Amino acid sequence: LSPQEVRITEGLAHTVQLTSTEAVQTHKIDIRNGDVYAKKGSLEIKYYPWFPEEGESVASAKRDVLIRPNVNNSFNLDVKLENPNVWSTRTPQLYRVEVLLRNEEGELIDDYVTTTGVRTIEQREGVLYINNKPEMLNGQR
């Protein structure tokens, strides 16, 4: 990181809510500001179908940010997807996630791209659930 440079250092996404008609993906975005002054700007997250077929943006969210100097700045942002393509072991649907960081004037400063699947995974009473459905894990003997 050079002086006066503002960069997205990490972007994590996971599903916090999943129904038959919508999903809510939460994101933790880390940004580093190498300048001695705070910077104002905005964060935007866009979702695009990616696998097995690419497509146009299907969801997005945006928020204003104040990026403090010389510390790791973490921001949370939720994106709601209507009728999402849900990841499963039988149909591994994936989305391309773009995180865009803009300055006060709206100029692009940095971007961060990753992929994610919309799915929930949990264990209840010894049973593994993927997307609220019980799944069997088959191990090798």
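The values are calculated or read from the model by the stated rules, or taken from the named source; none is laboratory data. Just so it is clear, the model here is predicted, and its values are computed rather than measured. Here the Cβ is made from the backbone with ideal geometry for all residues, glycine too, and neighbour counts use every protein chain on show. Note: accessible area is taken over every heavy atom of the protein model, side chains too, but ligands, DNA and RNA are not part of it. Shrake-Rupley method; radii C 1.70, N 1.55, O 1.52, S 1.80 Å.
Ligands, DNA and RNA left out, the 1.4 Å accessible surface of the stretch 89-141 is 44% carbon and sulfur atoms. Expressed in Å, the radius of gyration and Dmax of the Cα atoms of the chain are 17.8, 60.
Rounded to the nearest 20 debye, what is the charge dipole size of the stretch 70-122 about its Cα centre when +1 sits on each Lys and Arg Cβ and -1 on each Asp and Glu Cβ?
Details: 5 positive and 9 negative charges, 96 e Å.
That gives a dipole near 460 debye.
For the stretch 83-141, the C-alpha radius of gyration divided by 2.2 N^0.38 Å, with N the number of residues, is 1.71.
Classify the stretch 45-119 from the C-alpha gyration tensor, please: rounded if a/c falls under 1.5, else prolate or oblate depending on whether a/b exceeds b/c. Could you put the intermediate results ahead of the total?
Values: a/c = 2.54, a/b = 2.16, b/c = 1.18.
Here the stretch 45-119 falls in the prolate category.
Computed from the mean reciprocal separation of all distinct C-alpha pairs, what Kirkwood hydrodynamic radius does the stretch 1-48 have, in Å? Could the numbers behind the result be given before it?
Working: mean 1/r = 0.0764 Å⁻¹.
About 13.1 Å, per the Kirkwood formula over Cα pairs.
Restricting the stretch 1-67 to trypsin sites (Lys or Arg not before Pro) that sit in a DSSP loop and have at most 14 other Cβ atoms within 10 Å of their own Cβ leaves nothing. Considering only Cα atoms, the convex hull volume of the stretch 31-84 works out to 95 Å³ per residue. Give the residue from Gly126, Pro84, Ser57 lying farthest towards the positive end of the charge dipole for the stretch 45-141; charges sit on Cβ (+1 for Lys and Arg, -1 for Asp and Glu) and the dipole is referred to the Cα centre. The residue sitting farthest along the positive end of the dipole is Gly126.
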